[in-house]
Amino acid sequence: MANTTIDALRGGCPAPFFNELSFPTVGGHVEGRICSPLGPLSCCVPCPMTDWTYPDNFGAATAAANWVNVVGMACCGFLLLSWLVLPVDKTHRHYLSISLTCATVLMNLGFIIPLAAKPEQCFNQITPHGMDTSSVCAASGAFLLAGGWAGIMWIFLRALSLHLQICWQLVVGRNYMWFSQVLGWGVPIVGLVILLVFSGVSFRFGATCHINHENSLADFWIPLLVFAGLTVIIQFATFGYCIKVYLASLTDNSATTEGSGMPSYSNSIRTMTPRQAYRRVRRVIQLQWRGIVIVLVIIADVIFFAVIFVFMDNTVQAIKTDPDKALTWAACLIAFSGDKDKCLDKARDLVVNLPTVTAVLVLLAMNGLWLLLLLGRWSMVTGWMDLFASIGGHRTKKEFVSVDARTDIKQDPRSYEMLSRDSGKTDSMLTPLSATKSPTMRGGRQTPDYFGPGARYQPHQRSFSSPRPPQQLHWDTMQAYQQSASPPPMPPSRSYDYENMNPLGMNRIEKDEEINYSSPRAQYTQPGTADYSRDHVFI
C-alpha cells in the first residue's frame with residue numbers, strides 16, 4: 001500500500017524524484033521546493049535535500065554542534081547569573097558585556113530549541129516546513145537571526161567605545177550607554193520584523209530554520225555585513241593608531257611631565273608627548289584586551305557564517321534557475337535507483353562540504369565558551385564560594401584574633417576583642433591584654449606590676465585607635481619669649497691652673513670645684529647600683 005502511494009506521488013518521475021503536480025500548491029514553504037523539468041513532467045528532489053547531498057553522518061555532525069550550543073548556553077547563564085547576584089567588585093560587570101552575552105544567548109536558543117523539540121522538517125515529500133506551518137521553525141529562526149543581529153550590533157558598539165577612548169580620549173558615559181541600548185536592541189528588533197515580513201524562515205539547512213532566499217540580501221545579509229565591515233574598519237583603525245603611537249614613543253626623547261609637579265594638560269591630545277600618549281594607550285589596552293579579543297573572535301565567526309551561508313543559498317538558487325548544473329547528479333541517482341552513496345562525489349559541486357559546514361556551526365556554538373574565558377574572572381568563583389558559605393552559616397574569611405583569644409571573654413574581660421568588619425558595628429572595643437604578672441626577683445631591681453587587677457587602662461592622648469575631636473592648642477609667644485630672654489645664671493668665674501695640667505693624664509679637681517660643673521645625681525641613684533658621687537672627679 002505504501003509503495004503504491006509513493007508510486008502515485010512520483011507521477012511518472014523516476015525514483016527518487018516526485019512529480020510536483022501530485023502535491024498541493026499551498027502549505028509549507030512552497031518556494032523551497034527544488035524541481036526541474038524532465039520532459040513534460042516537473043520532477044522534484046525529495047525533502048530534505050541534505051539527506052541526498054550529504055553522507056549519513058550529517059545529522060550527527062549538526063546535532064553535535066547543537067550540543068556545543070548547550071555548553072555555550074550554560075557558560076552564558078553562569079556569567080549572567082554572576083553579574084546579577086554577585087557584587088560588582090567580584091564580577092566587574094559592564095553593560096556592553098551583559099548585552100553581548102544576552103545576544104549570544106539568543107543565538108544559542110536558535111540551535112537549542114530544535115535540539116529539544118526534534119521537529120519534522122518537511123511539510124510533505126517535496127516541501128519543507130516554513131514559519132507559517134511550524135512554530136518550532138518560527139521560534140528557532142527568529143532567535144537565530146535576532147541573536148546574529150544583536151551580536152553584530154553590540155560588537156560594533158564595543159569596538160566604537162574602545163576607539164573613542166583610545167584614539168579620541170573621550171570618556172564614554174551615560175549618554176553613550178543610552179545610545180548603545182537604543183541602537184543595540186532597536187536595530188535588531190526592526191531588522192527582525194523586516195526580514196520576517198519580506199523573507200521569512202524555513203528548514204533549509206539541518207534542523208534549524210534559516211532565512212529564505214527571497215529579499216534576503218537586502219533585508220538581512222547586506223545590512224549585517226555593513227555593520228560587520230564598519231566594526232572591522234574601526235578595530236583596525238584603533239590598531240593602526242596604537243602602532244603609530246608606539247613607533248612615535250620609540251623616537252621620543254623629550255622629558256615628560258608625568259609624575260612631576262608641573263601642570264600637565266592630560267586632556268588634550270595635542271599637548272601630550274608621544275611617550276605620554278603611549279603610556280595612556282597601553283593602560284587602556286591592558287584594561288580592555290579582553291573586549292578586543294571578543295570583538296575579533298565573534299566578528300570572525302559571524303562573517304564566516306554569513307559568507308558560507310550566502311554561498312550555499314546562491315548555489316541552491318542557481319540549481320533552481322539552471323537545472324543543467326545538477327543534471328549529472330540527478331542522472332546518477334536515476335541510474336542507481338536512488339542510492340545516494342554512489343552519487344555523493346557528483347554532489348560536491350552543488351553543496352558546501354561537510355567539514356566546512358561543521359566548522360561554521362561549531363564556531364558559532366563556541367561563542368559562549370569564548371565569553372566565559374574572556375569575560376569571566378576567577379573572583380566570580382570565589383564570590384560564589386563566599387555566598388554559599390554565608391548561606392550555610394560558615395565563614396570563609398579568617399578574622400584576626402590575638403594569641404590570648406583562647407581565654408573566655410565572659411570569664412576574663414581583660415582580653416583582646418576585635419569586631420569583624422562584616423558584623424555591621426561601627427565602634428570597635430579594645431580592652432587591655434589579659435593579666436601577665438612578671439616574676440619577682442629577690443634582691444636587686446623589681447619591675448612594678450603594671451598589669452595587676454588594680455591597674456586601669458588609660459588611653460594615650462595622642463592615640464589614633466578611635467576618632468577624637470581636634471585639640472585646640474594655644475601657644476603664648478610673649479611668655480615663651482620672656483622665658484627665653486633671661487639667660488641662665490652663670491657660675492662665678494674662677495681661674496684655674498690649666499697650664500700645669502697634663503692633657504693626656506688624669507687631673508684632680510677638688511670638691512668645691514665640682515659643684516659648679518656637676519649636677520646632683522642622688523635622686524637618680526637606684527638601689528644596687530654604683531654611686532659615682534665622690535669628693536673628687538677626674539678629667
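The values are calculated or read from the model by the stated rules, or taken from the named source; none is laboratory data. These figures come from a predicted structure and were not determined experimentally. We place every Cβ from the backbone using ideal geometry, glycine too, and count neighbours over all the protein chains shown. Side chains are part of the model used for accessible areas, which takes the heavy atoms of the whole protein and leaves out ligands, DNA and RNA. Shrake-Rupley method; radii C 1.70, N 1.55, O 1.52, S 1.80 Å.
All of (1) more than 30 Å from residue 243 (Cα to Cα); (2) open to solvent by 50 Å² or more (accessible area, probe 1.4 Å) hold for residue 289 with one exception: (1). Does residue 185 satisfy the criteria of being buried (at least 18 other Cβ atoms within 10 Å of the Cβ), without any contact (Cβ under 8 Å) to a residue 60 or more places away in the chain, over 30 Å from residue 33 (Cα atoms) and not aliphatic (A, V, I, L, M)? The answer is no for residue 185.
Among the residues of region 322-354, those that are touching a residue at least 12 places away in the same chain (Cβ under 8 Å) and part of a loop (DSSP other than H, G, I, E, B) comprise 337, 338, 349, 350, 351, 352. Among the residues of region 21-40, those identified as open to solvent by 50 Å² or more (accessible area, probe 1.4 Å), farther than 22 Å from residue 134 by Cα and touching a residue at least 24 places away in the same chain (Cβ under 8 Å) are 37, 38.
Residues that are under 43 Å from the mean Cα position of the chain (by Cα) and under 20 Å from residue 42 (Cα atoms) within region 316-349 comprise 316, 317, listed in sequence order.
Screening 375, 369, 361 for residues that are open to solvent by 20 Å² or more (accessible area, probe 1.4 Å) and either under 30 Å from residue 75 (Cβ atoms) or at pLDDT 90 or above (or both) leaves exactly one candidate, 369.
In region 1-20, the residue that is nearest to residue 341 (Cα to Cα) out of those that are open to solvent by less than 20 Å² (accessible area, probe 1.4 Å) and not in a loop (DSSP other than H, G, I, E, B) is 18. Checked against (1) in contact with a Phe, Trp or Tyr (Cβ under 7 Å, 6 or more places away or on another chain); (2) surrounded by fewer than 21 Cβ atoms within 10 Å (Cβ to Cβ); (3) assigned to a helix (DSSP H, G or I), residue 165 passes all but condition (1).
Residue 74 falls short on exactly one of the conditions (1) open to solvent by 50 Å² or more (accessible area, probe 1.4 Å); (2) within 23 Å of residue 287 (Cβ to Cβ), and that condition is (2).
Just to be sure before I move on: is residue 147 part of a helix (DSSP H, G or I) and touching a strand residue (DSSP E or B) at 6+ places or on another chain (Cβ under 9 Å) in the structure I sent? Steps first, answer last, please.
Numbers: part of a helix (DSSP H, G or I): yes; touching a strand residue (DSSP E or B) at 6+ places or on another chain (Cβ under 9 Å): no.
It is false that residue 147 is part of a helix (DSSP H, G or I) and touching a strand residue (DSSP E or B) at 6+ places or on another chain (Cβ under 9 Å).
In contact with a Gly (Cβ under 6 Å, 6 or more places away or on another chain) and either over 30 Å from residue 177 (Cα atoms) or modelled with pLDDT of 90 or more (or both): is that true of residue 104 in this structure? Let's see the steps before the verdict.
Details: in contact with a Gly (Cβ under 6 Å, 6 or more places away or on another chain): yes; either over 30 Å from residue 177 (Cα atoms) or modelled with pLDDT of 90 or more (or both): yes.
In short, yes.
Is it the case that some residue within region 243-258 is on the phi > 0 side of the Ramachandran plot and modelled with pLDDT of 85 or more? For region 243-258, residues on the phi > 0 side of the Ramachandran plot and modelled with pLDDT of 85 or more: absent.
When residue 66 is tested against (1) farther than 20 Å from residue 196 by Cβ; (2) at pLDDT 95 or above, only condition (2) is not met.
Filter region 42-71 down to residues that are in a helix (DSSP H, G or I) and aliphatic (A, V, I, L, M) and give me whichever is surrounded by the fewest Cβ atoms within 10 Å (Cβ to Cβ). Ranking the qualifying residues of region 42-71, first place goes to 60. Of the residues screened, residue 227 is one that is open to solvent by 10 Å² or more (accessible area, probe 1.4 Å) and at pLDDT 95 or above.
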